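Shown next, in structure tokens, is the structure this report addresses.
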Amino acid sequence: MSAQGLVKTGVPPQPLWLLYIKIAIIVLSLVTLGLGAWAVDMWGGYYWYGGSYSGTGGMVIFTSILSFIVYGVAIGLELAAPHFFFRIAAFIGYVLHIIFWLSAWAWSASAAAWSGGNYAAATGGSAGIGALIWVLSIVHLVFFVRACMADPNGNTASQAELGQVPKPVGQQQYPAQQAYPVQQPYATQ
């Protein structure tokens, strides 16, 4: 196995259940988006919406939107335009997504521990679901990297329009063209 598969283009061959994990990440991110908005509302009311401190709810909202961008674009490219799927860009996006979710759910859990009431419920829910999203993202990243390493040449089957379809080795597809006699130049006057 070679890590060279990470710098190729095209979607690596992956099991179908990874698509379901990506969809679950997006759906759970939608839930945490709502919980993050509820936490911002519980934290400070209308004053905090003016661009001041939004606390853990703001971090959860940001990370949820990051999930929509990273996984939404990845699913869209995988299904609609696989020849535009750059594996290294997806890898970087997935790693950043994992780092931000770790920060978001850890901060939410910390905030839920010292607070009470609805704010603790909102941040605690964000922490729990965020931790689940974080674990699902790590599982997805591991299997994505394994699929890339198993396909070091890139998936060129879907790139026929770019002329990158591999030709069978050792077989001649067309018979060799016979040589024609050289035509004599025309006489000049």
Subject >> Exposure proxy ranking, count of Cβ atoms within 10 Å, fewest first, for Met59, Met149, Met42 >> reply: Met149, Met42, Met59
Original post:
For Val7, Val31, what ranking results if the residue with the fewest other Cβ atoms within 10 Å of its Cβ goes first?
Top reply: Val7, Val31
Original post:
On full extension of the chain, what length is gained from Val135 through Ala80, given 0.36 nm per residue of separation minus the C-alpha to C-alpha distance?
Top reply: 17.1 nm
Original post:
In which sequence would Lys8, Lys22 go, from the one with the fewest C-beta neighbours within 10 Å to the one with the most?
Top reply: Lys8, Lys22
Original post:
At Gln184 and Ile23, where each label point lies 7 Å from the Cα along Cα→Cβ, what is the point-to-point distance in nanometres?
Top reply: 7.5 nm
Original post:
Which distance in nm do the two modelled labels at Ala113 and Leu30 give, with both placed 7 Å along the Cα-to-Cβ direction?
Top reply: 3.3 nm
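What number does the stretch 14-162 give for Rg over Rh if you use C-alpha atoms and the Kirkwood radius?
On the way: Rg = 17.6 Å, Rh = 16.3 Å.
Checking Rg against Rh, the ratio lands at 1.08.
Just so you know, all these numbers are worked out from the coordinates, no wet-lab data involved. Please read all numbers here as calculations on a predicted model, not as lab measurements. Positions of Cβ are generated from backbone atoms using ideal geometry, with glycine treated the same way; all protein chains shown enter the neighbour counts.
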